[in-house]
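Read the structure below first, then the notes.
The values are calculated or read from the model by the stated rules, or taken from the named source; none is laboratory data. It should be emphasised that the depicted structure is a prediction, and the values quoted were computed from it without experimental measurement. A quick note on method: Cβ atoms are made from the backbone with ideal geometry, for glycine too, and the neighbour counts reach across all protein chains shown.
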């Protein structure tokens, strides 16, 4: 059987074996609930505290600013609903972009029905947020600005630090950043950010655990009530083994980050180089995108058909993102100004530090073959 | 350009004969604190000098803020005593500044060709020409640019930072700190450390009435104090039997008074065993029933050993301020029972009578219990180092 060539790392990553070992050790050895008063509980609590401390240190935030959740979707929901529920009198205006993940966009659609005004800030041709437009749209009724650091389909990296500076001019506006596609891939600076979401399984951790960083100068309401657990902002018995695994996965992901980044960058240029020589392939990701994500379009070949054709050869990529599999055009690409020929035919290739040059070679070779077969 | 931290000594300048010992102690303390960093430290009778890698500046200053015996420090540019070079450096330093300024030159090298006042004037002119946002005010300037011209080097600096003050840790003998989980005793410990006192901490524990979480809290507090003293012994006293005996045998109103008397007796014994000369605690006059002057006097009468109460005359809010500064407050307010909060009588006596205490203490054989307790003390060596306990999992 042919070896799998997995090029869908932005959908999810394979768990690191050391992380899985930690998960099983903790599950077997630390049986106490961290909130129990007895010795076993205390042992678990100590381990949980140490894990959270490590996460806080790695991200340069305080320990009480780390909230563990079930994943990035919950973190995004908690950030958004937590803010608007906490500050119902600060105004009913929210600013976001059309480059967001569905777990942000769907919240916005819901809130619109509930009477909130949702403003989508303009996106420049290069994919970056139009900062002038953002300044124009911000006003004293803006309760929340929610912007993803790295777009999941095309990979555009926003300057969230700069955006944060602009939002800070309105002291009652809270700035949330969805960092799901950024953590573990690039260096993170949370200086100007109030709320920051991410998920463990995007950096070789396990599915089912996410983080919301909440700076201690702002407050949010919980969306899952039930008293103090790991934090006051999210109830439920702390998933100790997942929390420890997340802490470990984050540490491992950030180890040699620059070296891993450079490797992916060189793979990205190799891939671009090879794809540019194939007729009918259009590269949509530009120089503002992180090298881990390369979005392409093959006008005339239905993305899903190509996905399954590659699947026959044990190659795995994605159409749009794994979380938006319906047949419509890509909202991200439409927002970036592409017409149906591009936005209706896009594919996402996502790379990892685990990806090899051979995998890229084989992928391009087979893609070329498939295009010739499928394009009439 | 090379930068160097200039350290001015604290109160130790007043210590004539011991001055060298104080400076050497400070030198060793700073050296220990900086271990792992690529720095070179030198000293003379008036100052200490730390040369460092430019990238390490923040770390060096962070660590200096944990060392007692430093009055102030400055980050100075250290350059050759060359007139043009001094001018250029002065320009660089003052380039971003705004408001008023003056230049103050000190010339210990009298061979330097220009006199101090004239040189200050010249440098002032150079700075003014470069930066139009500045104007001169020799009486009340926003910024003073100090220039110290020595034979080989010249130092230039503007900002002065305050260190922790106090005496270098270790210039005094040892004290035994009564460390509960509360807000006051860690602050008392910090203030004692500040006067150069070496500390060992003592925690009274009454398992199962108190929990391991309460113990962890005290360990965490000790760790915070260790930031200033590298390591500290923590003696954990198994106090359950004595406490139970008190509550079984004694007048409830006197329970707290007698409990404190028992603690002092144990403290004295532990101090003698560990070469401690004084007892230090977080008592603050009038804060609770056992801290009225009458209570203090009756409790204190069990020992001749000096009892130092660094926060005796501070208001609670003043104590809290310090607790927040030394980062112990958040730990102290965690809600675990300690042995002073269990078995609290409804009406503890505010003005206890010594005779009543002595009478109550005849009700049980406390001396045997105390000896037994002291023999079973558990001693931990605490350091500020991160817990490596979970290293294999994390």
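Overview of results
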item: Any hit, region A:30-49, residues being modelled with pLDDT of 95 or more, surrounded by fewer than 22 Cβ atoms within 10 Å (Cβ to Cβ), within 24 Å of residue A:100 (Cα to Cα) and more than 10 Å from every other protein chain (Cβ to nearest Cβ); result: no
item: From the options B:69, B:124, residue that is on the phi > 0 side of the Ramachandran plot and outside the structural domain of residue B:229 (by TED's automatic domain parsing); result: B:69
item: Test: residue in region A:246-265 that is away from chain B (no Cβ under 14 Å), crowded, with 17+ Cβ neighbours inside 10 Å and either without any contact (Cβ under 8 Å) to a residue 40 or more places away in the chain or over 23 Å from residue A:178 (Cα atoms) (or both); result: yes
item: Subset tally (residues that are within 9 Å of chain B (Cβ to nearest Cβ) and touching a residue at least 12 places away in the same chain (Cβ under 8 Å)) for region A:16-29; result: 2
item: Which listed residue is in the same structural domain as residue B:323 (by TED's automatic domain parsing) and surrounded by fewer than 23 Cβ atoms within 10 Å (Cβ to Cβ), from B:189, B:182; result: B:182
item: Any chance residue A:115 is over 21 Å from the mean Cα position of the chain (by Cα), part of a loop (DSSP other than H, G, I, E, B) and on the phi > 0 side of the Ramachandran plot; result: yes
item: Members of region B:222-237 found to be at pLDDT 90 or above, more than 14 Å from chain A (Cβ to nearest Cβ) and in contact with a strand residue (DSSP E or B) (Cβ under 7 Å, 6 or more places away or on another chain), listed by number; result: B:222, B:225, B:226, B:231, B:232, B:233, B:234, B:235, B:236, B:237
item: Members of region B:141-174 found to be part of a loop (DSSP other than H, G, I, E, B) and either over 21 Å from the mean Cα position of the chain (by Cα) or modelled with pLDDT of 95 or more (or both), listed by number; result: B:141, B:142, B:150, B:151, B:152, B:158, B:159
item: Residue A:212 being under 24 Å from residue A:34 (Cα atoms), away from chain B (no Cβ under 14 Å), in contact (Cβ under 8 Å) with a residue 60 or more places away in the chain and in contact with a helix residue (DSSP H, G or I) (Cβ under 6 Å, 6 or more places away or on another chain); result: yes
item: Residues within region B:1-52 that are over 24 Å from residue B:90 (Cα atoms), under 21 Å from the mean Cα position of the chain (by Cα) and not in a loop (DSSP other than H, G, I, E, B), tallied; result: 19
item: Those residues of region B:200-221 which are more than 10 Å from chain A (Cβ to nearest Cβ), within 18 Å of residue B:233 (Cα to Cα) and either without any contact (Cβ under 8 Å) to a residue 12 or more places away in the chain or not in a strand (DSSP E or B) (or both), in sequence order; result: B:214, B:217, B:218, B:219, B:221
item: Total residues in region B:351-374, condition in contact (Cβ under 8 Å) with a residue 60 or more places away in the chain and either surrounded by 14 or more Cβ atoms within 10 Å (Cβ to Cβ) or in contact with a helix residue (DSSP H, G or I) (Cβ under 7 Å, 6 or more places away or on another chain) (or both); result: 12
item: Every pair of residues 6+ apart whose Cβ atoms lie under 6 Å, when the first sits in region B:58-76 and is surrounded by 18 or more Cβ atoms within 10 Å (Cβ to Cβ) while the second is modelled with pLDDT of 95 or more and assigned to a loop (DSSP other than H, G, I, E, B); result: none
item: Residue A:350 being surrounded by 21 or more Cβ atoms within 10 Å (Cβ to Cβ) and touching a helix residue (DSSP H, G or I) at 6+ places or on another chain (Cβ under 7 Å); result: no
item: Lone unmet requirement of (1) buried (at least 16 other Cβ atoms within 10 Å of the Cβ); (2) in contact (Cβ under 8 Å) with a residue 40 or more places away in the chain; (3) part of a helix (DSSP H, G or I) for residue A:64; result: (1)
item: Region B:334-374, residues that are more than 30 Å from residue B:220 (Cβ to Cβ) and in a helix (DSSP H, G or I); result: B:354, B:355, B:356, B:357, B:358, B:359, B:360, B:361, B:366, B:367, B:368, B:371
item: Condition check for residue A:52: surrounded by 19 or more Cβ atoms within 10 Å (Cβ to Cβ) and either not assigned by TED's automatic domain parsing to the domain that holds residue A:247 or not in a strand (DSSP E or B) (or both); result: yes
item: Unmet criterion (only one of (1) under 20 Å from residue A:235 (Cα atoms); (2) more than 11 Å from chain B (Cβ to nearest Cβ)) for residue A:13; result: (1)
item: Any hit, region A:91-105, residues being within 14 Å of chain B (Cβ to nearest Cβ) and either assigned to a helix (DSSP H, G or I) or surrounded by fewer than 18 Cβ atoms within 10 Å (Cβ to Cβ) (or both); result: no
item: Selection count, region A:11-29, where residues are over 26 Å from the mean Cα position of the chain (by Cα) and buried (at least 17 other Cβ atoms within 10 Å of the Cβ); result: 1
item: Filter result for residue B:240 (within 17 Å of residue B:336 (Cα to Cα), more than 14 Å from chain A (Cβ to nearest Cβ) and within 25 Å of the chain's Cα centre (by Cα)); result: no
